[in-house]
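Have a look at the structure below before the remarks.
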Amino acid sequence: MEGRPLPARAWTGRGRLLSRVAVISDTHLPRGTRVLPDACVKLLRSAELVLHAGDFVSMEFLNELRGIGPPVEGVYGNMDEPVLKASLPRQRVVEVGDVRIGMVHDAGPRSGREARLAARFEDCQAVVYGHTHVPQVERFQHVWVLNPGSPTDRRRQPAHTMLVVQIRGARVTPQLVTL
């Protein structure tokens, strides 16, 4: 994880502080007949901001995701095509009201991951990462460490998943959603 995150992008949405953020990662689309589950699309539409932690795979899918409605912020993943890697940052910080959320696709080896993320994004209240397809909702020191799993490619996980994060002032309340 070389370099510092990009300067924060602030979102206040619809004339008030945001309160609902949908978080997905590792969609790997398009791929055969695979599509986002209807329940995922419904939650994305009801959000005020969508965060994607990489491995969209194609610019076509990023544009499709943007067409769902809410603004989309993302980082590129290891499987993303070159045009995505050129248009998205490797890591970033997004401000949602009073909350700063760090984003990166690959958080490195399992051992020490939470401590690395907390140190890397020390001024954030939450860090979203992807790559593993393994959901994680864990409080570590001052930060929520969040991995939404995948809504389309569960690998060895029992279910497809995503996250919905409620933000009220400086309070972050993440919820893992099984699709």
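Brief remarks on what is shown
- Structure-based [θ]222 nm, the chain - -39500 (n - 2.57) summed over DSSP H runs of at least 4, per residue, nearest 500: -4500 deg cm²/dmol
- Counting DSSP beta bridges with both ends in region 33-179, the antiparallel % (nearest 5): 70
- Exposure rule at most 15 other beta-carbon atoms within 10 Å, DSSP loop trypsin sites (Lys or Arg not before Pro): the chain longest free segment: 17-109
- Across the chain, Cα pairs under 8 Å and at least six residues apart give a relative contact order of 25 percent.
- Residue exposure proxy: PHE56, PHE140, PHE61, PHE121, ordered by other Cβ atoms within 10 angstrom of their Cβ from fewest to most, comes out as PHE140, PHE61, PHE121, PHE56.
Just so you know, all these numbers are worked out from the coordinates, no wet-lab data involved. Computed from a predicted structure; not experimentally measured. Every residue, glycine among them, receives a Cβ derived from its backbone with ideal geometry; neighbour counts consider all protein chains shown.
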